[in-house]
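The values are calculated or read from the model by the stated rules, or taken from the named source; none is laboratory data. Quick caveat, the model's predicted, so the values are computed rather than measured. Methodologically, a virtual Cβ is constructed for each residue, glycine included, from the backbone with ideal geometry; neighbour enumeration extends over all protein chains shown.
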Amino acid sequence: MEVITAVKGFKDILPEETGRWHYVENIAREIFSRFGFKEIRLPVLEKTDLFKRGIGEATDIVEKEMYTFLDRGDEYLTLRPEATASVIRAYLEHSLYNAESVTRLFTIGPMFRRERPQKGRFRQFHQIDVELLGLDDPRADAEVILMLMHFLTTVGLSKVSLELNSLGCSACRPTFRTVITEFLQGKEEGLCEDCKRRLGSNPLRVFDCKSRECQEIIADAPHLSEFLCGDCQSHFGDVTSALTEFEIPYQINPRMVRGLDYYTKTAFEVTTEHLGSQNAVAGGGRYDRLVQELGGPDTPGIGFAIGFERLIALLEGADFSATPTPDLFVASLGDAAQKMAFVLCNSLRRKGIHAEQDFSAKSLKSQMKKANRLNCAYTLILGDREIEEKKAELRDMKAGTQQTLSLDNLDQSILKLIKER
RNA sequence: GUGGGUGUAGCUCAAAUGGUCAGAGUGCCGGGUUGUGGCCCCGGAGGUUGAGGGUUCAAGUCCCUUCACUCACCCCA
């Protein structure tokens, strides 16, 4: 019989790794709630149209990376490739905007994109996603970025850099778009295949194309910053000066465009040099049109997503072991001792003690070996001899001492000893 | 979707130019020693060398196909 393996790009998170996950999740929950964000849990499956409308039909994600299928032959469903669209969907579906004018939400969970797996990129991956809805104030941008950076440093990341750009709004971006389209006209031949295609759908993407020929062509192109409207300019200025005030280092990257259509104004990315070519740890931006695009009231928003696996990959070295170290190991030899150990262990567990035993009734030596490997604080030795003498030997592994306990009220005396430790 | 790399015991890896090459370490199991455990010593189980085909007297080693993993492009978190 052949063993069935996991689907390509879908990873198991093994017990030895879950400690890191808990560590990161705990810090996220604590910090985000301190900034007023509440957790929301969302389904992983959504109607395909949500992402087509939300992310944009012309994006790579929607064009070729989604897990989409026909459900019972009547509706197209998609495993969510990102969280923002789902958050907005829930926000609208439950009219959360009516409860309060500003809504701060975060969610943690798996996302799905059918890409070729590589270092730092999987088909199922996890994001920590934060969304702040109902504020167009630049302080909201600054606050969200501040929180992100604070979170990252608290978790223990130091060698990351923050890049910023303003993508303009519905007033100034279209102007810039026509400027770029005109600029690129007559230069199509030099562009890579992807950019030729992008020319019609999303010419701004040529900016962050990595091919050399495209970069040479676009190098002389005007920057979006020159075409920002007054509102966008002052907004971006307020964001950057707030970050400076908080002493958060950043770099303005005028070529950063981002691959999701919904971003407006502030866009940002946190990168590192230690992840191979998948250098983005977190990314986000403002999306003042998205809520309306999804059929809701005109509501501004800003948010970001952190790549959980990528973040964890940067945490190498530290000890986040989730392996519990038991209080007590009960080594037992013989049927009577096995039975007694079984009852004792489970009795102690129900009283709050982490007790372990070995069902296999192997040699005492191997049981002791196991107790040692598990790093148990105490070991209780129960053998035929001990039962006959109505006594058991308890060793304090750390202190190197041992004592004899009566079998009467054994669990009580052990409980007392461990609690007193 | 396009390239490159790799596939030998549970894990980490050895096996010059094809010819005792199917091994070591570690882990696991058992035994010895020990203050019934940690160190040390002895023994044991475990691999159709990813799969299929081909060349050859002979293939883990060469060729083809396929699969898996991996890195990079692309894109993104």
* Only one of these is surrounded by fewer than 16 Cβ atoms within 10 Å (Cβ to Cβ) and within 24 Å of A:K398 (Cα to Cα): A:K339, A:K370, A:K365. Name it. => A:K365
* Structure fact -> Of those in the range A:94-123 that are under 30 Å from A:I13 (Cβ atoms) and more than 9 Å from RNA strand B (Cβ to nearest atom), the residue surrounded by the most Cβ atoms within 10 Å (Cβ to Cβ) is A:F106
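Does A:I31 satisfy the criteria of being crowded, with 16+ Cβ neighbours inside 10 Å and over 23 Å from A:L315 (Cβ atoms)? Let's see the steps before the verdict.
Values: crowded, with 16+ Cβ neighbours inside 10 Å: yes; over 23 Å from A:L315 (Cβ atoms): no.
Against the criterion (crowded, with 16+ Cβ neighbours inside 10 Å and over 23 Å from A:L315 (Cβ atoms)), A:I31 does not qualify.
What about A:A85, is it outside any strand (DSSP E or B), surrounded by 17 or more Cβ atoms within 10 Å (Cβ to Cβ) and either of a type in the set (A, V, I, L, M, F, W, C) or away from RNA strand B (no atom under 16 Å from the Cβ) (or both)?
yes
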* Asked: Where residues in the range A:331-376 are of a type in the set (D, E) and within 14 Å of RNA strand B (Cβ to nearest atom), which of them is modelled with the highest pLDDT?
  -> A:E356
* To do: Could you check how many residues of the range A:381-401 are more than 8 Å from RNA strand B (Cβ to nearest atom) and in contact with an Asp or Glu (Cβ under 7 Å, 6 or more places away or on another chain)?
  => 1
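If we scan the range A:135-142, do we find a residue that is under 20 Å from A:N26 (Cβ atoms) and away from RNA strand B (no atom under 12 Å from the Cβ)? Show your work before the answer.
So in the range A:135-142, the residues under 20 Å from A:N26 (Cβ atoms) come out as none.
No - not one qualifying residue is present in the range A:135-142.
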* Asked: For A:R350, all conditions in the list (1) free of Cβ contacts under 8 Å to residues at least 40 places away in the same chain; (2) surrounded by 13 or more Cβ atoms within 10 Å (Cβ to Cβ); (3) out of contact with any strand residue (DSSP E or B) (no Cβ under 9 Å at 6 or more places or on another chain); (4) under 18 Å from A:N409 (Cα atoms) hold save one; what is the number of the exception?
  -> (2)
* Could you name every one of the helices (runs of 4 or more DSSP H) located completely within the range A:227-314 that has at least 1 residues being within 9 Å of RNA strand B (Cβ to nearest atom) and modelled with pLDDT under 95? => A:308-313
